[in-house]
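See below for the structure under consideration.
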Amino acid sequence: MTIFPHTSRLLLTAALTGLLSACVTTQDFSHIPKEPGTQAALQKYMTEKSAKAFAVAENGNFSYSENAPNMATAIYGALLNCEKSANARCTVAAIENNSTLPLMTAQKSENQKLIAGMQMKHPDELMPQTNWFKPAADAVRPHSSGIHYATPTTIKGVKTIATPELLKRMKEGSITLLDTLGISRINASLPGAYLLNGADYASTDNDKNKAFEARLEKVMARYFPDKSQALVAYCASAECWLSVNALIHLRNIGYTNLYWYRNGVTDWTYQELPLTNSYQFIAVE
């Protein structure tokens with residue numbers, strides 16, 4: 001089963017390749033349902049070519065990608081198609097021939113340690129919030145207009161959060177992170193972040209935007225059914241519209257406790273805070 005979803009902005013990072021090649025292959029697939037068809041598919045998947053990923057739902061529905069253009073595309077395709085067939089939340093259970101179960105278990109422990117110990121290296125030298133004097137964002141920006149572009153300082157219906165407050169909330173465990181740079185950030189995201197792929201969709205046709213938001217709402221409900229849950233989205237910097245678009249869509253579908261980490265990864269790395277692996281994927285078509 002070879003799956004090639006839309007891949008216009010999915011790029012495999014070189015570090016991802018290094019990460020997977022460095023992993024010790026594990027055959028601990030105890031998190032995969034025992035249905036005969038699912039187990040048979042897993043065995044066939046193990047013989048397939050690289051780059052590949054296997055996704056499965058609790059009800060035994062599954063999908064996998066093999067011989068994809070890159071690993072990010074394989075993960076996205078497997079997860080997206082699994083959730084379509086299952087109409088339920090799926091988990092990426094294998095990347096290449098490595099089970100993700102020990103990877104996720106180890107990462108959860110590492111994230112707890114990283115978050116507990118995080119300290120800003122330059123607490124008295126916060127990055128400025130560059131103001132290009134744009135009105136508060138209220139509509140998505142189509143990719144054709146340029147996603148790497150100056151942003152306003154605020155988004156209507158969304159709170160802006162800076163690094164000190166974000167650190168505090170992460171240590172409290174009172175906020176969930178959404179990395180809108182997507183699945184290609186598997187080994188370079190903020191600790192505990194979900195890699196949200198595809199939520200930056202934007203069209204000049206409002207009907208298409210509404211249709212997308214209906215799909216987004218269905219997917220997000222599988223992960224965050226409580227629309228009052230605190231969610232913070234970010235991308236590369238204050239010149240990145242991926243997080244802006246995603247937050248506008250989330251606001252439009254009824255999420256009420258949204259935050260924008262405007263300077264994103266740029267501010268995070270300026271404060272010499274850690275980037276790490278994430279095996280928490282959300283795929284939106």
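The values are calculated or read from the model by the stated rules, or taken from the named source; none is laboratory data. Predicted model, so just to flag it, every value in this text is computed and none were measured. Note: ideal-geometry Cβ built from the backbone for every residue, glycine included; neighbour counts use all protein chains shown. In case anyone asks, the SASA skips ligands and DNA or RNA and just uses the protein heavy atoms, side chains included. Shrake-Rupley method; radii C 1.70, N 1.55, O 1.52, S 1.80 Å.
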Worksheet item: Residues of the stretch 132-173 being open to solvent by 60 Å² or more (accessible area, probe 1.4 Å), within 25 Å of Gly198 (Cβ to Cβ) and within 19 Å of the chain's Cα centre (by Cα), which ones?
Response: His143, His148
Discussion item. Can you find a residue that is crowded, with 23+ Cβ neighbours inside 10 Å and under 20 Å from Pro152 (Cβ atoms) anywhere in the stretch 265-273?
Written reply: no
Response to the item:
Expected output for the stretch 204-226 (first residue under 19 Å from Leu178 (Cβ atoms), partner surrounded by 18 or more Cβ atoms within 10 Å (Cβ to Cβ) and modelled with pLDDT under 95, Cβ below 7 Å, 6+ apart or cross-chain) is none
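How many residues are part of a loop (DSSP other than H, G, I, E, B) and either in contact with a Ser or Thr (Cβ under 6 Å, 6 or more places away or on another chain) or of a type in the set (Ser, Thr, Tyr) (or both) when one looks only at the stretch 107-128? I'd like the intermediate steps shown before the answer.
So the first thing to find is which residues in the stretch 107-128 are part of a loop (DSSP other than H, G, I, E, B), and the list is 118-128.
Checking which are either in contact with a Ser or Thr (Cβ under 6 Å, 6 or more places away or on another chain) or of a type in the set (Ser, Thr, Tyr) (or both) leaves us with none.
Residues flagged as part of a loop (DSSP other than H, G, I, E, B) and either in contact with a Ser or Thr (Cβ under 6 Å, 6 or more places away or on another chain) or of a type in the set (Ser, Thr, Tyr) (or both) within the stretch 107-128 amount to 0.
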Worksheet item: Could you count how many residues in the stretch 150-167 are within 20 Å of Thr256 (Cα to Cα) and either outside any loop (DSSP other than H, G, I, E, B) or charged (D, E, K, R) (or both)?
Response: 7
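Name the residue, out of Asn111, Asn197, Asn206, that is open to solvent by 50 Å² or more (accessible area, probe 1.4 Å) and either within 14 Å of the chain's Cα centre (by Cα) or of a type in the set (S, T, N, Q) (or both). Steps first, please.
On the way: Asn111 fails: open to solvent by 50 Å² or more (accessible area, probe 1.4 Å); Asn197 fails: open to solvent by 50 Å² or more (accessible area, probe 1.4 Å).
Going through Asn111, Asn197, Asn206 in turn, the sole match is Asn206.
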Worksheet, complete the sentence: Pairing a residue in the stretch 90-107 that is open to solvent by less than 40 Å² (accessible area, probe 1.4 Å) with any residue that is of a type in the set (Asp, Glu), where Cβ atoms lie under 9 Å and the two sit 6 or more apart in sequence or on different chains, gives Cys90/Glu58; Cys90/Glu83; Ser99/Asp28
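Conditions (1) polar (S, T, N, Q); (2) touching an Asp or Glu at 6+ places or on another chain (Cβ under 8 Å); (3) under 16 Å from Thr160 (Cα atoms), marked per residue:
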position: Leu195; (1), (2), (3): no, yes, no
position: Lys210; (1), (2), (3): no, no, no
position: Ala214; (1), (2), (3): no, no, no
position: Leu231; (1), (2), (3): no, no, yes
position: Cys240; (1), (2), (3): no, no, yes
position: Thr269; (1), (2), (3): yes, no, no
position: Glu272; (1), (2), (3): no, no, no
Discussion item. Within the stretch 14-31, does at least one residue satisfy the condition of being open to solvent by 70 Å² or more (accessible area, probe 1.4 Å), at pLDDT 95 or above and not in a strand (DSSP E or B)?
Written reply: no
Item to complete: Scan the stretch 205-230 for residues that are over 16 Å from Lys84 (Cα atoms), in contact with a Ser or Thr (Cβ under 8 Å, 6 or more places away or on another chain) and either assigned to a helix (DSSP H, G or I) or of a type in the set (Val, Ile, Thr) (or both) and report the count.
Response: 1
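Yes or no, residue by residue, for (1) closer than 29 Å to Thr163 by Cβ; (2) modelled with pLDDT of 95 or more; (3) in contact with a helix residue (DSSP H, G or I) (Cβ under 9 Å, 6 or more places away or on another chain):
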| position | (1), (2), (3) |
| --- | --- |
| Ala74 | no, yes, no |
| Leu79 | no, yes, yes |
| Cys90 | no, yes, yes |
| Ile95 | no, yes, yes |
| Lys108 | yes, yes, no |
| Lys113 | yes, yes, no |
| Gly117 | yes, yes, no |
| Lys121 | yes, yes, yes |
Worksheet item: When residues of the stretch 241-255 are filtered for being open to solvent by 10 Å² or more (accessible area, probe 1.4 Å) and touching a residue at least 60 places away in the same chain (Cβ under 8 Å), how many remain?
Response: 3
Worksheet item: Looking at the stretch 46-64, is at least one residue open to solvent by 80 Å² or more (accessible area, probe 1.4 Å), modelled with pLDDT of 95 or more and out of contact with any Lys or Arg (no Cβ under 7 Å at 6 or more places or on another chain)?
Response: yes
Worksheet item: Between residues in the stretch 184-197 that are in a loop (DSSP other than H, G, I, E, B) and residues that are at pLDDT below 95, which pairs lie under 6 Å by C-beta distance while being six or more apart or on different chains?
Response: Ile186/Leu16; Asn187/Ala15; Asn187/Leu16; Asn187/Leu19
